[in-house]
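The values are calculated or read from the model by the stated rules, or taken from the named source; none is laboratory data. Nothing here was measured: the structure is a model prediction, and the numbers come from that model. Cβ sites come from the backbone with ideal geometry, for glycine too, and all protein chains shown count toward neighbours. Ligands, DNA and RNA are stripped out before the accessible areas are found, and what is left, the full protein with its side chains, is counted by its heavy atoms. Shrake-Rupley method; radii C 1.70, N 1.55, O 1.52, S 1.80 Å.
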Amino acid sequence: MPRMTQPDERTGPTAPPTFRHFIAGEWVESTSGATFESRNPADLSDVVGRFQAGNPADVAQAVRAADVAGGLWRRTPAPKRGEILYAFGALLAQHKERLARAMTREMGKVLTEARGDVQEGIDIAFLMAGEGRRMFGDTTPSELPDKWAMSVRTPIGVAGIVTPWNFPIAIPCWKMMPALVTGNTVVLKPSSETPHCATLLVELMAEAGFPAGTVNLVTGSGAQVGNAIVENPDVAVISFTGNTETGRGIAERAGRRLKRLSMELGGKNGIVVLADADLDLASDGILWSAFGTTGQRCTACSRVIVDRAVLNPLLERLERRTRALRLGDGLDPATEVGPLINAEARDKVERYVDIGRREGELVIGGGRLTAPPLDRGIFFEPTIFAGVAPMDRVAQEEIFGPILSIIAVDGYQEAAIALNQTRYGLSSSIYTRDANSAFRAMRDFETGIVYVNAGTIGAETHLPFGGVKATGNGHREAGHAALDTYTEWKSIYVDFSGRLQRAQIDNQPG
Ligand code: UN1
């Protein structure tokens with residue numbers, strides 16, 4: 001039976017609650033009758049909840065609901081749509097602490113970072129709410145007399161939003177806010193690692209006043225739910241953040257159907273440290289970028305390219321400070337580094353530690369943490385390899401964990417070459433006290449985001465976010481650039497001359 005409110009059904013005194021899809025404004029069960037569970041990676045005995053294992057039939061219902069709701073929503077004045085985004089942003093702010101705690105419990109990032117994640121959702125909600133009163137097009141002169149010309153943004157239709165677990169509130173908001181303010185409706189498929197965060201988010205969206213059917217949530221696997229969204233002919237635009245391999249598969253299938261596609265994929269972000277850098281400042285930025293979120297950010301730094309003249313003093317600082325990092329449950333205020341997301345992620349990190357041991361030399365870390373209470377979760381030591389060459393596998397392949405490779409070079413030129421020697425191009429950084437070197441880096445680094453004297457993480461929502469090369473397909477999220485993903489341009493000509501006027505012909509001599 002459909003329900004209007006989210007249930008908190010417990011089948012026994014200790015059984016976790018079961019949550020539902022949100023389709024056409026109602027909380028409903030999957031037609032599959034199956035559920036899956038989400039667990040706390042800091043303590044695997046802690047089951048956050050059970051969630052619907054969605055299937056293609058559920059997706060078909062959600063897309064139909066979104067399609068129907070789109071008829072009215074696209075005709076709702078954009079400033080009115082924006083007001084609902086404002087209301088949602090305010091609700092997110094009001095519930096920030098509750099959501100942050102739920103996030104830490106479900107995916108492990110430390111509480112201060114979880115608060116930042118929710119804050120990023122609030123920021124984009126307010127930014128996009130304002131777009132309801134901007135959404136600028138061009139008015140421009142016509143080449144003919146008594147003729148008016150302008151271009152306006154129009155919604156594309158139903159947006160399929162497929163999101164990862166590492167920013168379980170921020171990234172769905174980055175995608176849904178611009179989609180909705182421009183008049184699209186959405187079907188959200190969150191990562192199966194973070195269905196609870198998505199459920200809490202969608203509850204607040206319903207409360208904020210998004211009309212029934214404008215926002216739909218279908219939980220479940222990529223194979224069952226994600227694929228069905230990508231293949232559905234009534235989903236006109238897909239926005240995906242995740243690994244490059246999955247993204248490539250989505251892009252191939254969506255490309256055959258000529259869908260609009262925004263892809264935010266892998267990264268192998270580097271920090272260059274020149275000989276004149278402030279090494280304490282650089283260490284701050286490197287530690288935060290490499291081990292913040294346990295290295296599980298698209299923007300995380302996994303390569304440091306350092307001038308040989310300062311290699312040893314930098315390494316000494318990094319080793320000392322890495323040794324002092326406190327690992328644990330992110331809800332504990334003393335914790336600086338939380339767990340990895342799951343056992344599969346830890347296996348992958350371990351495989352790369354083996355590779356790193358062959359390619360470079362282990363400076364610190366490299367092992368699981370198994371002493372109680374960390375044995376209850378998926379903990380891995382922050383790890384540094386030195387003596388790595390730019391083309392080594394640990395310096396080339398995305399690991400998505402707390403592994404940092406140190407590459408020594410001589411001077412800016414070599415550093416810039418090494419920095420760009422990667423198939424990815426999301427974020428990069430340079431530490432230097434020399435203004436000329438900083439400006440050369442801003443020009444030379446082949447990434448969508450460049451930082452000067454700051455780490456590779458911490459992008460702000462009012463600037464374009466995204467990368468070049470294999471990091472994506474040229475689209476940008478956040479900032480006003482995000483509107484491009486979710487709108488079609490319509491060019492409109494109004495001839496008020498009362499006669500036939502032929503462009504390119506009647507205004508030419510002869
Ligand atoms: C991501 O890891 O996919 O710049 C997003 C940052 C954050 C966003 C990261 N604002 O690190």
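Within region 351-403, if we keep just the residues that are in contact with a helix residue (DSSP H, G or I) (Cβ under 7 Å, 6 or more places away or on another chain) and among the acidic types (Asp, Glu), the residue that is least open to solvent (accessible area, probe 1.4 Å) turns out to be ASP392. What is the number of the single condition among (1) more than 16 Å from the ligand (Cβ to nearest atom); (2) open to solvent by less than 30 Å² (accessible area, probe 1.4 Å) that GLY479 does not meet? Single failed check for GLY479: (1).
When each of ALA454, ALA435 is tested for being under 28 Å from GLN119 (Cβ atoms) and either of a type outside the set (Asp, Glu) or in contact with a helix residue (DSSP H, G or I) (Cβ under 6 Å, 6 or more places away or on another chain) (or both), the lone residue that passes is ALA454.
Mind checking which residues of region 132-162 are open to solvent by 50 Å² or more (accessible area, probe 1.4 Å) and among the hydroxyl-bearing types (Ser, Thr, Tyr)? Across region 132-162, the qualifying residues are THR139, THR140. Tell me whether region 73-82 contains one or more residues that are within 16 Å of the ligand (Cβ to nearest atom), in a helix (DSSP H, G or I) and buried (at least 20 other Cβ atoms within 10 Å of the Cβ). Checked against the condition, which is being within 16 Å of the ligand (Cβ to nearest atom), in a helix (DSSP H, G or I) and buried (at least 20 other Cβ atoms within 10 Å of the Cβ), region 73-82 yields no hits at all. Among the residues making up region 228-244, those that are outside any loop (DSSP other than H, G, I, E, B) and either hydrophobic (A, V, I, L, M, F, W, C) or closer than 21 Å to PRO168 by Cβ (or both) are ALA228, ILE229, VAL230, VAL235, ALA236, VAL237, ILE238, SER239, PHE240, THR241, THR244. Residues that are within 18 Å of MET103 (Cα to Cα), open to solvent by less than 10 Å² (accessible area, probe 1.4 Å) and part of a strand (DSSP E or B) within region 163-195 comprise just one, LEU188. On the stretch given as region 419-461, residues that are under 22 Å from the mean Cα position of the chain (by Cα), crowded, with 23+ Cβ neighbours inside 10 Å and away from the ligand (no atom under 16 Å from the Cβ) total 1.
Let's see how each residue does on (1) at pLDDT 95 or above; (2) open to solvent by less than 20 Å² (accessible area, probe 1.4 Å); (3) within 20 Å of the chain's Cα centre (by Cα):
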| position | (1), (2), (3) |
| --- | --- |
| LEU201 | yes, yes, yes |
| LEU217 | yes, yes, yes |
| GLY220 | yes, yes, yes |
| ILE238 | yes, yes, yes |
| GLY270 | yes, yes, yes |
| ASP278 | yes, no, no |
| LEU281 | yes, no, no |
| GLY285 | yes, yes, no |
| ARG297 | yes, no, yes |
